[in-house]
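All remarks here apply to the structure that follows.
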């Protein structure tokens, strides 16, 4: 068995591989492509999402994470679909070819890939959801999500209107969740035909700016959510949420609201432990007091800091997609920083060590078993 990490950066992806999770080899693949997300299907194939301001989005696939082949299709909106003007304004600085000038809706980034029930899903920006049922050879829009009433009023987040979180229920293929910055969290119970916002109990004074949500697909009704305005837990599939911040560092946001701020959140499914990396509010976006720490909780009621092996003089960020768990025993957890350093733990977060440094800005981290 080999554990492989695919670390996405603006200049390609670092692939780290290990048979014992102690000794790692590293290769740099997909050079020149910004790599934003990855997923593995039930036959072991790995898919990597890339995007370029010149060439648009694309998807590469590999069976060994060494040889990569670009697939013939990628998520695309219909030519007649109309885009969100505020999203256009935010992403226009990268619109070198002028594709936004006529007001169309375009896929300018694939934020996440998710495999479930024999299908590969893509959450994209401008916010939308697509599905492939033929291993990425073709893609279809999920119109129930993409065309739902009220989406024209969705407010973009700081980086635009992105569907960055897709979750599924292993026991019910008709139930899924999608998180959008800053439009909120949505659930379908009918296979994607209709979607309902699930934000009750989450402070929405700045919009519903969900940063990340995690769950165990085998027990999907228990959800943990890192919001712009705090950390929350739901025990009813997202119908209601409760703030769960005991033990987390709390800071003051730009509007005066006090909460624990951060981006990534992941779960080790065997233990149910949840991990996040808090930052010093939306004003500063670096670890509190410059001390990098991963916080862990068994149930959300109490969080504890784990810092062994992490730097005490750190002023960088960890982005929403830049953390992953390998779901092995004992649990391996990995995260990368915006300054290009990758850290790993093979004891479910008790201790950490540096696995790689000198990488470009780390946008995504995904862990696979090959």
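Among the residues of the range 83-98 satisfying the criterion of being touching a residue at least 40 places away in the same chain (Cβ under 8 Å) and more than 21 Å from residue 179 (Cβ to Cβ), which is nearest to the chain's Cα centre (by Cα)?
94
Condition first: surrounded by fewer than 20 Cβ atoms within 10 Å (Cβ to Cβ) and assigned to a loop (DSSP other than H, G, I, E, B). Now tell me which residues in the range 156-181 satisfy that.
Passing the criteria: 158, 159, 170, 171.
Quick one: which residue in 8, 32 is part of a loop (DSSP other than H, G, I, E, B) and in contact with a strand residue (DSSP E or B) (Cβ under 8 Å, 6 or more places away or on another chain)?
After ruling out the rest, the residue left standing is 32.
Test each condition in (1) more than 30 Å from residue 72 (Cβ to Cβ); (2) assigned to a loop (DSSP other than H, G, I, E, B); (3) within 20 Å of the chain's Cα centre (by Cα) for residue 149 and report the one that comes out false.
Evaluating residue 149 over (1) more than 30 Å from residue 72 (Cβ to Cβ); (2) assigned to a loop (DSSP other than H, G, I, E, B); (3) within 20 Å of the chain's Cα centre (by Cα) leaves (3) as the failure.
Would you check which residues across the range 48-67 are farther than 17 Å from residue 135 by Cα, part of a strand (DSSP E or B) and touching a residue at least 40 places away in the same chain (Cβ under 8 Å) and list them?
Across the range 48-67, the qualifying residues are 51, 56.
Given the condition surrounded by fewer than 18 Cβ atoms within 10 Å (Cβ to Cβ) and touching a strand residue (DSSP E or B) at 6+ places or on another chain (Cβ under 8 Å), answer yes or no: does some residue in the range 308-323 qualify?
yes
What single numbered condition from (1) crowded, with 18+ Cβ neighbours inside 10 Å; (2) part of a loop (DSSP other than H, G, I, E, B) fails to hold for residue 98?
Looking at each condition in turn, residue 98 falls short on (1).
Give just the number: which of (1) surrounded by 14 or more Cβ atoms within 10 Å (Cβ to Cβ); (2) within 18 Å of residue 166 (Cα to Cα) does residue 42 not satisfy?
(1)
At least 1 residues that are within 25 Å of residue 228 (Cβ to Cβ), touching a helix residue (DSSP H, G or I) at 6+ places or on another chain (Cβ under 8 Å) and in contact (Cβ under 8 Å) with a residue 12 or more places away in the chain in each: list the strands (runs of 3 or more DSSP E) lying fully within the range 253-365 that qualify.
So the answer is 261-268, 273-279.
Of all residues being in contact (Cβ under 8 Å) with a residue 40 or more places away in the chain and under 20 Å from the mean Cα position of the chain (by Cα) in the range 196-207, which is nearest to residue 141 (Cα to Cα)? Just the residue, please.
Filtering the range 196-207 for residues that are in contact (Cβ under 8 Å) with a residue 40 or more places away in the chain and under 20 Å from the mean Cα position of the chain (by Cα), the one nearest to residue 141 (Cα to Cα) comes out as 198.
Quick one: is residue 124 under 23 Å from residue 156 (Cα atoms), part of a loop (DSSP other than H, G, I, E, B), touching a residue at least 24 places away in the same chain (Cβ under 8 Å) and under 18 Å from the mean Cα position of the chain (by Cα)?
When the stated conditions are applied, residue 124 does not pass them.
In this structure, does residue 75 turn out to be surrounded by fewer than 19 Cβ atoms within 10 Å (Cβ to Cβ) and either in contact with a helix residue (DSSP H, G or I) (Cβ under 7 Å, 6 or more places away or on another chain) or part of a loop (DSSP other than H, G, I, E, B) (or both)?
Considered against the rule, which asks whether it is surrounded by fewer than 19 Cβ atoms within 10 Å (Cβ to Cβ) and either in contact with a helix residue (DSSP H, G or I) (Cβ under 7 Å, 6 or more places away or on another chain) or part of a loop (DSSP other than H, G, I, E, B) (or both), residue 75 comes out as no.
Name the residues in the range 13-29 that are over 20 Å from the mean Cα position of the chain (by Cα), part of a strand (DSSP E or B) and either free of Cβ contacts under 8 Å to residues at least 12 places away in the same chain or surrounded by 21 or more Cβ atoms within 10 Å (Cβ to Cβ) (or both), would you?
25
Quick one: would you say residue 10 is surrounded by fewer than 22 Cβ atoms within 10 Å (Cβ to Cβ) and in contact with a helix residue (DSSP H, G or I) (Cβ under 7 Å, 6 or more places away or on another chain)?
It is false that residue 10 is surrounded by fewer than 22 Cβ atoms within 10 Å (Cβ to Cβ) and in contact with a helix residue (DSSP H, G or I) (Cβ under 7 Å, 6 or more places away or on another chain).
Each reported figure results from applying straightforward, stated rules to the coordinates on display, with no laboratory input. Quick caveat: nothing in here was measured; it's all calculated off a predicted structure. Heads up, the Cβs are rebuilt from the backbone with ideal geometry, glycines too, and the neighbour counts pull from every protein chain shown.
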